[in-house]
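Trainee: Submitted below is the structure of interest, expressed as structure tokens.
No lab work stands behind these numbers, since they all come straight from the coordinates. Computed from a predicted structure; not experimentally measured. Backbone-built Cβ (ideal geometry, glycine too); neighbour counts: all protein chains shown.
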Amino acid sequence: MAAPGAGDPAHAKNGEAPFAQRIDPTREKLTPAQLQFMRQVQFAQWQKTLPQRRTRNIVTGLGIGALVLAIYGYTFYSVSQERFLDELEDEAKAARARALERASGS
């Protein structure tokens, strides 16, 4: 008898390779050797995709960092361009000067 997940021998007659079946280790009783093999295969798949994931993570990190620096730079630029508070200070000085003239002129 074939092992579970070994594929259907009918497909092997047609020249097609058998394919893996998904199994749930919590539902099916697996031997420790089968569990170890599953861990090895998962680790191998994880290592295979590691360089692609690392590159994608670096690009994402650089993109987020560039966005943060752009917002930070734009904030400093817009605050340095802001003349609103300068105008308020000038009006306050003028109002104080007028108040002093009225107080001393009366």
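Trainee: What's the local net charge at residue 96, with K and R +1, D and E -1, over the other residues with C-beta under 13 Å away?
Mentor: With Lys, Arg at +1 and Asp, Glu at -1, the net is -1.
Trainee: Provide the net charge surrounding residue 38, with neighbours chosen by a C-beta distance below 13 Å and charges set as Lys +1, Arg +1, Asp -1, Glu -1.
Mentor: Taking every other residue near residue 38 into account, the sum is 0.
Trainee: Right, next: What is the distance, in nm, between label points placed 7 Å from the Cα along the Cα-to-Cβ direction at residue 68 and at residue 93?
Mentor: Placing both labels 7 Å beyond Cα along the Cβ direction yields 4.0 nm.
Trainee: For segment 56-106, which GluC sites (Glu not before Pro) are in a loop by DSSP, counting at most 14 other Cβ atoms within 10 Å?
Mentor: Values: sites: 82, 87, 89, 91, 101; in loops: 82.
Passing sites in segment 56-106 are 82.
Trainee: Can you compute the radius of gyration and Dmax for segment 64-106, using only the Cα atoms, both in Å?
Mentor: 19.3, 63
Trainee: Moving to a separate point now. If amide hydrogens are placed 1.01 Å from N in the peptide plane, which non-local residues have theirs closer than 5 Å to the one on residue 23?
Mentor: none
Trainee: Can you pull out the chymotrypsin sites (Phe, Trp or Tyr not before Pro) in segment 13-106 whose DSSP state is coil and whose Cβ has at most 11 other Cβ atoms within 10 Å? Let's see the in-between values first.
Mentor: Values: sites: 19, 37, 43, 46, 72, 74, 76, 77, 84; in loops: 19.
Listed in order of number, the matching sites are 19.
Trainee: A further question follows. Which trypsin sites (Lys or Arg not before Pro) in segment 73-106 sit in a loop by DSSP (not H, G, I, E or B) and have at most 12 other Cβ atoms within 10 Å of their own Cβ?
Mentor: Passing both the DSSP loop test and the Cβ count: 83.
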